[in-house]
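> First the structure, then my questions, so here it is.
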Amino acid sequence: MALQEPNMRLMKRDDLDAVAAIDALVSKQQRREYYARKIESVITNPHNINTSLVAEVDGRIVGFIMGDVYFGEFGIPETSATIDTIGVHPDCQNRGVAHDLMDQFLTNMKAVGVRRIYTLVNWDDFGLERFFASHKFQPSKRVNLELQLP
């Protein structure tokens, strides 16, 4: 069955339940508190630009993408953005929802003057790497450093 063209819109506070539910289905983890903090910070912080989007079909949220815009943080002299989470309900995966979300996210970032977008992908998550590569993402010249504290 073909999926109806999703409607893209900015994420709002009332989307928390749907976003957390999709993430729990996909990640097999309960991260509601993370999403509650993330959505609240975007909505209430006047210095943040709401870059997070949801995809709706027939009024039901079927996917989301979350990110942030940075204006010179981390010593990077240009306006940049990050994508930290993307999720699509399992019933709607492989039907273009994630691509539609990414396309709208990229359009929105261009409109606010973003020059580069960064994300992290586990080195062995080949499906996610292929997804980002299909949108012209490539390995960065930056090194992600990690320190594991005891």
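The values are calculated or read from the model by the stated rules, or taken from the named source; none is laboratory data. In this text the structure is predicted, and so the values were computed from the model without any measurement. Methodologically, a virtual Cβ is constructed for each residue, glycine included, from the backbone with ideal geometry; neighbour enumeration extends over all protein chains shown.
> Do you know which residues across the stretch 107-120 are among the aliphatic types (A, V, I, L, M) and buried (at least 17 other Cβ atoms within 10 Å of the Cβ)?
Once the filter is applied, which keeps residues that are among the aliphatic types (A, V, I, L, M) and buried (at least 17 other Cβ atoms within 10 Å of the Cβ), the stretch 107-120 yields M109, V114, I117.
> Let me ask you something else. Every residue in the stretch 10-26 that is over 14 Å from the mean Cα position of the chain (by Cα), among the small types (G, A, S) and under 18 Å from G67 (Cα atoms), please.
Passing the criteria: only A18.
> To continue, here is another question. All but one of (1) over 21 Å from I61 (Cβ atoms); (2) of a type in the set (A, V, I, L, M); (3) in a helix (DSSP H, G or I) hold for I117; state the number of the condition that does not hold.
Tallying (1) over 21 Å from I61 (Cβ atoms); (2) of a type in the set (A, V, I, L, M); (3) in a helix (DSSP H, G or I), I117 fails exactly one: (3).
> Looking only at the stretch 28-50, how many residues end up being in a loop (DSSP other than H, G, I, E, B) and surrounded by fewer than 14 Cβ atoms within 10 Å (Cβ to Cβ)?
Of the residues in that region, 7 qualify.
> Turning to a different aspect of this structure: How about the stretch 117-142: which of its residues are modelled with pLDDT of 90 or more and of a type in the set (G, A, S)?
Within the stretch 117-142, G127, A133, S134 meet the criteria.
> When you go through (1) more than 20 Å from I49 (Cβ to Cβ); (2) modelled with pLDDT under 95; (3) not small (G, A, S) one by one for V69, which number turns out not to apply?
The number of the failed condition is (1).
> Among the residues in the stretch 51-62, are any among the charged types (D, E, K, R) and on the phi > 0 side of the Ramachandran plot?
Yes, some residue in the stretch 51-62 is among the charged types (D, E, K, R) and on the phi > 0 side of the Ramachandran plot.
> Quick test of your reading of the structure: Q93 fulfils all but one of (1) free of Cβ contacts under 8 Å to residues at least 12 places away in the same chain; (2) in contact with a strand residue (DSSP E or B) (Cβ under 6 Å, 6 or more places away or on another chain). Name the failing condition by number.
Condition (2) is where Q93 drops out.
> Output the residues belonging to the stretch 58-95 that are part of a loop (DSSP other than H, G, I, E, B) and crowded, with 17+ Cβ neighbours inside 10 Å.
H89, R95 - these are the residues of the stretch 58-95 that are part of a loop (DSSP other than H, G, I, E, B) and crowded, with 17+ Cβ neighbours inside 10 Å.
> Here's something else I'd like to know. Only one of (1) aromatic (F, W, Y); (2) in contact (Cβ under 8 Å) with a residue 40 or more places away in the chain; (3) closer than 26 Å to V143 by Cα; (4) touching a helix residue (DSSP H, G or I) at 6+ places or on another chain (Cβ under 9 Å) is not met by F105, so which one is it?
(4)
> Also, I was wondering about something else. Take R130 and decide whether it is within 17 Å of the chain's Cα centre (by Cα) and either assigned to a loop (DSSP other than H, G, I, E, B) or surrounded by fewer than 13 Cβ atoms within 10 Å (Cβ to Cβ) (or both).
Spelling it out, R130 is indeed within 17 Å of the chain's Cα centre (by Cα) and either assigned to a loop (DSSP other than H, G, I, E, B) or surrounded by fewer than 13 Cβ atoms within 10 Å (Cβ to Cβ) (or both).
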